[in-house]
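Everything on this sheet refers to the single structure shown next.
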Amino acid sequence: MVEPILTIVIPCYNEEDVLSETVYQLNKVLNNLIQENLIAGQSKILFVDDGSKDRTWSIIYKETLRNSKVHGLKLARNVGHQNALLAGLIAGKASSDCVVSIDADLQDDVNVIREFILKFNEGFDIVYGVRGKRDTDHVLKRTTAEAFYTMMQKLDVNLIYNHADYRLMSKRAIGELEKFEEVNLFLRGIVPLIGFPSTSVYYDRKERFAGETKYPLKKMLSFAFEGITSFSVTPIRFVLLVGFLSFFTSLLFGSYFITLKFIGETETGWTSLITSIWLIGGLQLIAIGLIGEYIGKIYKESKRRPKYIVDIDTYSLTQQLTERNIYVDSNGQNRRELL
């Protein structure tokens, strides 16, 4: 069996505190897998700098000079975790048989990558890393995360429960992922739509090694709302249902308030005012805001702007130099030798 070429993709945003340890641990995993003959010696680690404001790119670039297995992709500006991850997947696909994506904070167990490769060798195109438990999360995060996955399931969105973005994807799976052209990316929802053979590997998540989380409550709520509105029109239908309920409720309350008016227990004008404000005004604002969110997404999609712009790409540069390194074998035929 020919060992697959693996690329490990790590999106980074202001990760200078943890990056050196991340490089060390992933490089150790990569070397162990090569020694076990589970992956090819040309396997690599690709860090994607998502417009960091600290020394993240400087650390990545220095590592590329010291270690031939480490490469860097610097985006021109911050485009968000999902777009940065997509940039790494597409870049890694060019010269890999499979790509593993993992966050830089070392909360995901890097040793699980070995199980990913074993599953890939069994014929699975997509292997999801699924958290066995959420003991390392504080109560609020654990509660909101579980509520999010439950809500998405009720909205008929096919998500892998307790799976983030720690996964393996084959070359052909990433090729199909490229065909999804939407600007509003939610990879946790898109990847299951590919439909290729998939499986899950369970692991226990660790505490963040260093630095601060890049997903505070505000960002988590925004990310959840992005996922809901990108994959389901159920909220719009829910608003329609509430509108009908509000209409019939208004009739009931209107009848009640009119009765009060005739028996003289209300002030002049109070009946019409309280009926309209209480039961209709707030619902209209909610409905308009929700519809506006969907219209805003359509507006973004219609522009067809690029999801990211690459500033520096040491990964592709290395591949280009490799392809030019040609030698002649004993039969007099041109061969391409890998660096």
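The values are calculated or read from the model by the stated rules, or taken from the named source; none is laboratory data. Being a predicted model, the structure only gives us computed values, none of them experimental. Cβ atoms come from the backbone with ideal geometry, glycine included; neighbour counts cover every protein chain shown. Each accessible area value is taken on the protein alone, full model and side chains, heavy atoms only, with ligands, DNA and RNA left out. Shrake-Rupley method; radii C 1.70, N 1.55, O 1.52, S 1.80 Å.
Which one of these is within 20 Å of Val183 (Cα to Cα) and either at pLDDT 95 or above or surrounded by fewer than 21 Cβ atoms within 10 Å (Cβ to Cβ) (or both): Asn121, Asn78, Asn111? Spell out how you get there, then give the answer.
Details: Asn121 fails: within 20 Å of Val183 (Cα to Cα); Asn111 fails: within 20 Å of Val183 (Cα to Cα).
Going through Asn121, Asn78, Asn111 in turn, the sole match is Asn78.
Determine if region 315-325 includes at least one residue that is at pLDDT 65 or above and open to solvent by less than 90 Å² (accessible area, probe 1.4 Å). Yes, because at least one residue in region 315-325 is at pLDDT 65 or above and open to solvent by less than 90 Å² (accessible area, probe 1.4 Å).
From the list Ile34, Ile45, Ile8, the lone residue that is more than 18 Å from Val310 (Cβ to Cβ) and in a strand (DSSP E or B) is Ile8. Taking the criterion of being in contact with a helix residue (DSSP H, G or I) (Cβ under 8 Å, 6 or more places away or on another chain), within 16 Å of Ser101 (Cα to Cα) and open to solvent by less than 10 Å² (accessible area, probe 1.4 Å), the only residue of region 24-38 that qualifies is Leu26. Of everything listed in (1) modelled with pLDDT under 70; (2) open to solvent by 40 Å² or more (accessible area, probe 1.4 Å), the single unmet condition for Asp137 is (2). Identify the residue in region 76-99 that is outside any helix (DSSP H, G or I) and in contact with a Phe, Trp or Tyr (Cβ under 6 Å, 6 or more places away or on another chain) and, among all such residues, is nearest to Pro11 (Cα to Cα). Out of the qualifying residues, it is Val79. Looking only at region 1-13, residues that are surrounded by fewer than 19 Cβ atoms within 10 Å (Cβ to Cβ) and either touching a helix residue (DSSP H, G or I) at 6+ places or on another chain (Cβ under 6 Å) or free of Cβ contacts under 8 Å to residues at least 40 places away in the same chain (or both) come to 2 in all.
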